Amino acid sequence: MRQQTHLVALYLGLVFTTGSQSARAQADPASLPAHDSHQGLLVAADPYAAAERSKTKFGKHSPYEGGILAVDVYFRNDNDSPVRLNLDTVELRVGGRGEPKQKLAAISPEEVADRTLLKAPKDPRATRVPFPLPGGGAKSSRGKDWDEFAGTLRSAAMATTIIPPHGLAHGFFYFDIDHHFDWLSTALLNIPDLEFMFGNKPLFFFEIDLAPAAP
């Protein structure tokens, strides 16, 4: 039991360090146009919906090239308790103006690389975002370009499910919108599954209107 407690404390300390480094990189996510805040948690979204900006961030290849929207999502926790986030349930609701919105689950960095560089067809079974482990992503047989691009996408992806108390974490979620970047003006980012780690107290879901961040 003592060893388990020590491991939890060590993990939280590592997450807290990561969050603190992120906080220095982005001091005030509340300044981003698309954000929501309640119960001491602020969530802000920064969609990369322009070709040049996406290329500047990701390099030689970018999600934009494959018709995929990359959204950098910030979580600032002003509470005394850490917050747990379920990555698998984050979704984007998009559609043309006046049309019913469809729900899109985030796709993995590997799928982004496949659809961008290999023009691979969509796999409806592959809808969850795998937890990006440090050093993960073994070399593939898809070539050097694919390996480098997938590595860049993994390193930028949201890589933690715990937001430390009074800490900040952020990372990218990727959504295949099939080049319909004009849909951003009516898009909603839904984050329905968050809870305080101690006491399992739920947080109200977040629905962030991305229209203010549209180019």
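Hey, got the Cα dimensions of region 55-98 along the principal axes, in Å, largest first?
Result for region 55-98: principal-axis Cα extents of 41, 34, 18 Å.
Between A50 and L118, what FRET efficiency follows from the Cβ-Cβ distance if R0 is 25 Å, with the result rounded to 0.05?
The pair A50/L118 has a calculated efficiency of 0.55.
Could you compute the FRET efficiency for S185 and D28, with r as their C-beta to C-beta distance and R0 at 25 Å, rounded to 0.05?
My answer for the efficiency is 0.55.
Contour minus end-to-end for D147 and S37, with contour as 0.36 nm per residue of separation and end-to-end as the Cα-Cα distance?
35.9 nm
If we count every other residue with Cβ under 14 angstrom of P212's Cβ, Lys/Arg +1 and Asp/Glu -1, where does the sum land?
Overall, the nearby charge balance is -4.
Grab the Cα-Cα distance for D80 and H166, subtract it from 0.36 nm times how many residues apart they are, and report the gain in nm with one decimal.
Roughly 30.3 nm would be gained on extension.
Coordinate-derived values only; no laboratory data. What you see is a predicted model, and the numbers here were worked out from it, not measured in a lab. Heads up, the Cβs are rebuilt from the backbone with ideal geometry, glycines too, and the neighbour counts pull from every protein chain shown.
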